[in-house]
Structures are given as C-alpha cells and as structure tokens.
Amino acid sequence: MLDFFKSSHVPVKRKILSVGLFAGYLLFPFDAIPDFLVGFGLIDDAAVLLLVLQQIIKLAPASLKDKHGM
C-alpha cells in the first residue's frame, strides 16, 4: 500500500479515489450485518475491506503489480 501512494507512476486521481474508498468504508454508518452480533457482524466489514483493497490493486500500475507479484 505504501508503494502505491509513494509511487510517481500512480496518477493523483487514483490516489484520491483510493483514499475516498477507504474513507467511505470508515464513514458509512450502515452494516449489512450489525456489529453487535459478535463474529457475524465483522464478516461484512471484512468483505467490504477486501473489496476496497482489491480495487486499489486493480488501480495500481503494472510495474507495482510485478514488483509485488500480483
């Protein structure tokens, strides 16, 4: 992740979009499964976080993907 944000090969628009995805995840107050259901409530949070990370990987340039074996 640090290489993604430090890289000069990643356009600023992609960096802003990535930060926006993370911020949206953190600020969105609704869950599909409420967090008070211990264990189950964290499943939807983990799924959303994985989707955000997957999108950031898709936005990364090929040079970073090759460097990290993706």
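The values are calculated or read from the model by the stated rules, or taken from the named source; none is laboratory data. Just so it is clear, the structure is predicted and the values come from calculations on it, not from any experiment. Positions of Cβ are backbone-derived with ideal geometry, glycine not excepted, and every protein chain shown enters the neighbour counts. Keep in mind that these areas ignore ligands, DNA and RNA; they rest on the heavy atoms of the full protein, side chains included. Shrake-Rupley method; radii C 1.70, N 1.55, O 1.52, S 1.80 Å.
In the chain, a dipole from Cβ-located charges (positive for Lys and Arg, negative for Asp and Glu) runs towards its positive end, and of 61, 48, 28 it is 61 whose Cα lies farthest in that direction.
Accessible surface computed residue by residue for the chain, with neighbouring protein chains in place and a 1.4 Å probe, gives 76 Å² per residue. Surface composition of the chain: carbon and sulfur make up 73 percent of the accessible area, probe 1.4 Å. With the simple model of a label 7 Å out from the Cα in the direction of the Cβ, residue 66 to residue 7 spans 1.1 nm. Using only Cα atoms, find the angle between the long axis of helix 40-59 and the longest principal axis of the chain, and express it within 0 to 90 degrees, rounded to the nearest 10. Between the helix axis and the principal axis of the chain, the angle is about 10 degrees. In a reduced charge model with +1 at each Lys and Arg Cβ and -1 at each Asp and Glu Cβ, the chain shows a dipole moment near 540 debye about its Cα centre. Between the Cα long axis of helix 12-27 and the first principal axis of the chain there is an angle of about 10°, rounded to the nearest 10.
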